[in-house]
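Everything on this sheet refers to the single structure shown next.
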Amino acid sequence: MTPLQVLQNSSFGKRTAEEEREQLRQYFVETDQWIRVISGDVDVVYGPKGSGKSAIYSLISLSSSELSKKSIIVIEGENPQGA
């Protein structure tokens, strides 16, 4: 395959984490911010658009059963897709 064909056949996912919530676990990189949130060190995530806030929010929601084992109850406060 030529480099152009490789690019044409490649998929880099959707534009936002909200659009591919279920697939997010497959490629999410556990950043320092994620580790601090999931360990309970941080409660508020602040950052510019595209910094991973929605990805963290989605993964917290998807990890609710694992978090409940740590006595953490996850209750979604909003619908990040805006519906």
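The table below lists the values:
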{"item": "Most mobile of 64, 54, 11 in a GNM of the chain (Cα contacts under 10 Å)", "result": "11"}
{"item": "Calculated diffusion of the chain, Stokes-Einstein form, Kirkwood radius summed over Cα pairs, 20 °C and 1.002 mPa s, µm²/s", "result": "147"}
{"item": "Gain on full stretching of the segment that runs from residue 6 to residue 69 - 0.36 nm per residue minus C-alpha separation", "result": "18.4 nm"}
{"item": "Integer Hz, Karplus 6.51/-1.76/1.60 couplings in order for segment 60-65, x for Gly and Pro", "result": "4, 4, 5, 9, 4, 5"}
{"item": "Helix-derived mean residue ellipticity, 222 nm - over the chain, DSSP H n ≥ 4, -39500 (n - 2.57), to 500", "result": "-9000 deg cm²/dmol"}
{"item": "Residue 74 - accessible surface, heavy atoms, 1.4 Å probe, Å² rounded to 10", "result": "50"}
{"item": "Accessible area in the full protein assembly, largest first, 1.4 Å probe, for 28, 12", "result": "12, 28"}
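The values are calculated or read from the model by the stated rules, or taken from the named source; none is laboratory data. Remember, it's a predicted structure, so these values are computed and weren't measured experimentally. Ligands, DNA and RNA are stripped out before the accessible areas are found, and what is left, the full protein with its side chains, is counted by its heavy atoms. Shrake-Rupley method; radii C 1.70, N 1.55, O 1.52, S 1.80 Å.
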